[in-house]
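The values are calculated or read from the model by the stated rules, or taken from the named source; none is laboratory data. Owing to the predicted nature of the structure, the values given are computational and were not obtained by experimental measurement. Here Cβ is always computed from backbone atoms with ideal geometry, including for glycine, and neighbour counts include all displayed protein chains. In case anyone asks, the SASA skips ligands and DNA or RNA and just uses the protein heavy atoms, side chains included. Shrake-Rupley method; radii C 1.70, N 1.55, O 1.52, S 1.80 Å.
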Amino acid sequence: MGHSGINVLIEGTNLTRLLGGLWTSVWIAALSLLIGLALGTIFGMLRTLHNRVIRFILMLYLEFFRIVPTVVLLFLFYYILPRQFHINWPASWMAVIAFALWVAAEFSDIVRGALQSVPKHQRETGEALGFNNWQLFRYVLLPQAVQLELPATINLATRVIKTTSLLLMISVMDVINIGQQIIEANNQNYPTGVFWVYGLIFFLYFIIDYPLSRWAKHLEAKQKQ
């Protein structure tokens, strides 16, 4: 067992490094979601207004982030935009910006759909009480839309967490990047180490995403009842 592949996980600080890389992936995903959900809520509200110009611009914004692959977005925000605008930010923060804008685009469509799903008489009741647009959103539409959009929001969160695996493309020291370094450094002593390293990475992603996925399915089933 001296050269068993599983030993690569406990060799030196390998396990600590992998967990540190996982934390990098998690905080980037969490911060991107926090910013993206806030922006997406605003954009989703604007997309329900009777302003064709705003709705058209936000529709183009959504389609851009849906069409362009996420890896291309990361290259755009890490390699191209910083050179054009002389920005010298760490790769992790450029990834947060790219992911946050992507989340905002996707979530705006979720919010729009949820707001439009609120029964029409609820809006009419608010208007009869003299509420302006802001008051309608705050007191009538958004509280009900939150329940409708929650399953889709959780599914979006799982997508963002999984997509952080692309961070190695811009040299962010996430769990995938660190795992690859460990495999390359220990390939001679532990030829089967690749199985154990990527197996652990799979398990780490699984224990984060699976509960979220189950929660989303539970909420969807509850809404159908």
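If you take the residues in segment 123-134 that are open to solvent by 60 Å² or more (accessible area, probe 1.4 Å) and assigned to a helix (DSSP H, G or I), which one is nearest to Ala145 (Cα to Cα)?
The initial filter retains those residues of segment 123-134 that are open to solvent by 60 Å² or more (accessible area, probe 1.4 Å), namely 123-125, 127-129, 131-134.
When the remaining residues are screened for being assigned to a helix (DSSP H, G or I), the result is 123-125, 127-128, 133-134.
On the way: Arg123: 12, Glu124: 16, Thr125: 16, Glu127: 17, Ala128: 20, Asn133: 15, Trp134: 15 Å.
Only one residue tops the list, namely Arg123.
Name the single residue, out of those in segment 5-36 being open to solvent by 50 Å² or more (accessible area, probe 1.4 Å) and in contact with a helix residue (DSSP H, G or I) (Cβ under 6 Å, 6 or more places away or on another chain), that is modelled with the lowest pLDDT.
Ile6
Just one of (1) surrounded by 19 or more Cβ atoms within 10 Å (Cβ to Cβ); (2) in contact with an Asp or Glu (Cβ under 9 Å, 6 or more places away or on another chain); (3) of a type outside the set (S, T, N, Q); (4) modelled with pLDDT of 90 or more trips up Lys162, so point out which.
Only one criterion is unmet by Lys162, namely (1).
Can you find, within segment 166-218, the residue that is most open to solvent (accessible area, probe 1.4 Å) among those that are closer than 14 Å to Trp23 by Cα and outside any helix (DSSP H, G or I)?
Checking each candidate, the answer is Met173.
I'm trying to understand the selection: among the residues of segment 168-180, which are in contact (Cβ under 8 Å) with a residue 24 or more places away in the chain and over 19 Å from the mean Cα position of the chain (by Cα)?
Initially, segment 168-180 is screened for residues in contact (Cβ under 8 Å) with a residue 24 or more places away in the chain, giving 169-179.
Of everything in segment 168-180, those that are in contact (Cβ under 8 Å) with a residue 24 or more places away in the chain and over 19 Å from the mean Cα position of the chain (by Cα) turn out to be Ile178, Gly179.
Val140 fails exactly one of the following numbered conditions: (1) assigned to a helix (DSSP H, G or I); (2) open to solvent by 40 Å² or more (accessible area, probe 1.4 Å). What is the number of that condition?
Single failed check for Val140: (2).
Across segment 20-29, what is the number of residues that are in contact (Cβ under 8 Å) with a residue 24 or more places away in the chain and out of contact with any Phe, Trp or Tyr (no Cβ under 9 Å at 6 or more places or on another chain)?
Of all residues in segment 20-29, those in contact (Cβ under 8 Å) with a residue 24 or more places away in the chain come to 20-22, 24-26, 28-29.
Checking the rest, the ones that are also out of contact with any Phe, Trp or Tyr (no Cβ under 9 Å at 6 or more places or on another chain) come to 20-21, 24, 26.
The qualifying residues number 4.
Please report, ordered by residue number, the helices (runs of 4 or more DSSP H) entirely within segment 47-121 with at least 3 residues that are in contact (Cβ under 8 Å) with a residue 24 or more places away in the chain, crowded, with 19+ Cβ neighbours inside 10 Å and touching a helix residue (DSSP H, G or I) at 6+ places or on another chain (Cβ under 6 Å). I'd like the intermediate steps shown before the answer.
On the way: elements: 52-67, 70-75, 81-85, 91-117.
Passing ranges, in order: 91-117.
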